[in-house]
Amino acid sequence: MTAQPTSTQQSGFPGGPRLLADVGGTNARFALETAPGSIVHINVLACADYPTLADALRAYLALPGVAAVAAEAGAGIRHGAIAIANPVTGDFVRMTNHHWAFSIEALRSECGFDVLAVVNDFTALASSLPFLSDGQKRQVGGGTAQAGAPLGLIGAGTGLGVSGLIPAKSGGKDGGWTALLSEGGHVSFSPVNPTEVAILQYAWTEFEHVSAERFMSGVGIELIYRALCHHRGVAAEPLAVPEIVRRALDGSCALCDDVVETFCCMLGTVAGNLGVTLGAQGGIYIGGGIVPRLGARFDRSGFRARYEQKGRFGPYLARIPTFVITAEYPAFVGVSAILSDRLSQA
């Protein structure tokens with residue numbers, strides 16, 4: 001993969017190749033950036049296979065191709081940046097959807113970095129949005145993006161990520177963007193029809209607080225399935241999310257298709273809420289692992305209609321486009337830009 005170069009990556013890498021990482025609750029993705037915009041040696045490691053993030057990081061750095069690049073650089077890999085699916089508010093990070101916990105400074109020292117930036121994964125993904133090409137995103141529905149306006153970002157996967165990108169300078173020029181450090185996936189879920197009220201009532205039997213993430217995630221799709229079975233008085237099979245989605249996409253189970261449709265509509269509510277909250281007239285972007293896998297089923301779902309279902313503000317949202325991010329590793333582009341900014345200020 002060769003990522004799109006950014007305006008913050010024009011001076012070269014005097015410190016040698018840089019490590020980039022995107023750590024989720026299920027997988028940790030690693031890469032090297034060997035020159036501005038050239039992202040290579042991408043490897044995906046299962047988080048469950050390693051006791052700590054440091055163990056996974058060392059395993060990646062020990063891979064023959066990666067080690068060869070480090071040896072050729074002479075001083076090894078001195079600079080790195082990690083996007084992680086978790087709040088990053090200080091030196092100590094404890095993951096919400098995995099058991100890894102670490103001190104950023106201790107990890108930097110243990111793995112031999114001069115500079116190690118650790119940021120929220122959706123902060124990194126938000127930072128990539130201005131650099132996505134037309135071929136790395138797909139518009140769903142109408143609307144036209146306004147240049148230099150705020151951008152919104154949501155993404156359902158192991159959890160629900162939410163962020164935004166706010167122009168810090170006129171028109172967002174010269175790298176003038178501020179990525180929000182948001183945990184908006186944990187806002188309280190808001191149903192919009194009697195069926196969703198019934199789904200929420202079922203979820204209350206399992207959770208004291210039902211956030212948007214409880215439904216807008218892999219385990220959330222399983223929760224929607226159990227709730228719909230209960231609501232309709234049918235026995236629930238022990239189905240995991242891949243099987244629910246498979247049955248929905250191949251047309252073999254009408255109930256599973258209803259689950260996916262419900263998920264898409266609920267996501268439309270979340271996206272619409274973000275659109276009016278941020279005034280995101282530059283567009284709402286959808287990342288994460290689930291929606292891109294739904295493909296055309298998502299495009300023909302009720303997502304966009306629900307997104308615009310905001311009463312008096314329906315016409316306002318109708319003007320704001322929604323995009324599915326189709327780039328395979330977009331967070332690398334964002335975390336690269338963040339690391340470049342950090343090094344330029346050192």
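The numbers here are math on the coordinates, done by the rules we state, and not lab data. Model, not experiment: these values are computed from the prediction. Positions of Cβ are generated from backbone atoms using ideal geometry, with glycine treated the same way; all protein chains shown enter the neighbour counts.
Points worth noting:
- Taking Gly15, Gly90, Gly152 in turn, the Gaussian network model of the chain (Cα-Cα springs below 10 Å) assigns the largest fluctuation to Gly90.
- Computed lengthening from Gln345 to Val234, 0.36 nm per intervening residue step minus Cα-Cα distance: 34.0 nm
- Scattering curve values for the chain, log₁₀ I(q)/I(0), Debye with Cα scatterers, q = 0.11, 0.12, 0.13 Å⁻¹: -0.74, -0.87, -1.00
- Separation of segment 276-346 and segment 14-34, taken as the distance between their Cα centroids, equals 23 angstrom.
- Label zone at Ala48 (point 7 Å along Cα-to-Cβ), backbone N below 19 Å, segment 265-292: 289-290
- Amide H to amide H distances under 5 Å link Trp100 with Met95, where only residues 5 or more positions off or on other chains count and H is placed in the peptide plane.
- For Ile84, nonlocal amide neighbours, meaning residues 5 or more places apart or on other chains whose placed amide H falls under 5 Å from its own, are Val23, Val119, Asn120, Asp121.
- Simple rule: put +1 on each Lys or Arg Cβ and -1 on each Asp or Glu Cβ in the chain, find the dipole, and look at Leu61, Ser211, Ala235; the Cα lying farthest toward the positive end is Ser211.
- Between Thr326 and Lys137, Arg138, the built amide H atoms are under 5 Å apart, and every one of these is 5 or more places off in sequence or on another chain.
- Note on segment 133-326: with charges restricted to the Cβ of Lys and Arg (+1) and Asp and Glu (-1), its dipole about the Cα centre is near 620 debye.
- Dipole in debye (nearest 20) - the chain, about Cα centre, beta carbon charges: Lys, Arg +1; Asp, Glu -1: 800
- Any cysteine of the chain lacking a neighbouring Cys Cβ under 4.7 Å - listed by number: Cys47, Cys111, Cys229, Cys264, Cys265
- Placing a label point 7 Å from the Cα of Ala305 along the Cα-to-Cβ direction, the residues of segment 259-279 whose backbone N falls under 16 Å of that point are 259-269.
- Between segment 101-146 and segment 259-274, the Cα center-to-center distance that results, in Å: 23
- For Ser109 and Ala68, the difference between the fully extended length at 0.36 nm per residue and the C-alpha to C-alpha distance is 12.6 nm.
- Segment 133-326, Cα convex hull volume normalised per residue, Å³: 114
- Sorting Phe30, Phe102 from the fewest to the most surrounding beta carbons within 10 angstrom yields Phe102, Phe30.
- Residue-by-residue Karplus 3J(HN,Hα) for segment 143-159, coefficients 6.51, -1.76, 1.60, Hz, glycine and proline x: x, 9, 5, 8, 4, x, 8, x, 10, x, 9, 9, x, 9, x, 4, x
- GNM result for the chain, Cα springs below 10 Å: residue of Asp121, Asp257, Asp22 fluctuating most strongly: Asp257
- Most fluctuating residue given options Gly161, Gly220, Gly74, as computed from a GNM of the chain linking Cα atoms under 10 Å: Gly74
- In sequence order, calculated HN-Hα J values of segment 262-275 (Karplus, 6.51, -1.76, 1.60; Hz; x Gly/Pro): 4, 4, 4, 5, 4, 5, x, 4, 4, 5, x, 4, 5, x
- Per-residue Cβ neighbour rank within 10 angstrom, fewest leading, Ser133, Ser190, Ser163, Ser340: Ser133, Ser190, Ser340, Ser163
- Each of the peptides 62-69, 269-276, 323-330, 122-129 was scored by the mean count of other Cβ atoms within 10 Å over its residues; in descending order, highest first, they stand as 122-129, 269-276, 323-330, 62-69.
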